[in-house]
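Single-structure report; data block below.
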Amino acid sequence: MVVDLAQLAFADPSLMLDFAMIARRLRKAGRELILRGAQPDISVLIEYVGLHRLPGVTIAPAATPA
């Protein structure tokens, strides 16, 4: 599952917890969660809560326009 965070300007730790729960469910189904294009403040929050260290979670840069 790919979540495009490029337009997300604000998030709090509760959103990161939701992402962690989704990642766990996806991992159990043999899939992964890809968080793409996070703004710098959101990237800091992802690292602060440790979401980037969870198995099945990938942090990716923004998609490049075709």
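For the reader, a short list of remarks on this structure follows.
- Among the residues making up segment 21-66, those that are over 18 Å from A11 (Cα atoms) and assigned to a helix (DSSP H, G or I) are R24, R25, L26, R27, K28, R53.
- Residue in segment 5-13 that is in contact (Cβ under 8 Å) with a residue 40 or more places away in the chain and not in a helix (DSSP H, G or I) present: yes
- When A29 is tested against (1) of a type in the set (A, V, I, L, M); (2) out of contact with any Gly (no Cβ under 7 Å at 6 or more places or on another chain); (3) in contact (Cβ under 8 Å) with a residue 12 or more places away in the chain, exactly one condition is not met: (3).
- Any hit, segment 46-64, residues being more than 11 Å from the chain's Cα centre (by Cα), in contact (Cβ under 8 Å) with a residue 40 or more places away in the chain and exposed (fewer than 14 other Cβ atoms within 10 Å of the Cβ): yes
- Verdict on A62 being at pLDDT below 95 and of a type in the set (A, V, I, L, M, F, W, C): yes
- Looking across segment 6-19, the residues that are among the hydrophobic types (A, V, I, L, M, F, W, C), within 12 Å of the chain's Cα centre (by Cα) and surrounded by fewer than 16 Cβ atoms within 10 Å (Cβ to Cβ) come down to A6, L8, L17.
The values are calculated or read from the model by the stated rules, or taken from the named source; none is laboratory data. All values reported here derive from a predicted model rather than from experimental measurement. Every residue, glycine as well, gets a Cβ built from its backbone with ideal geometry; the counts of neighbours run over all protein chains shown.
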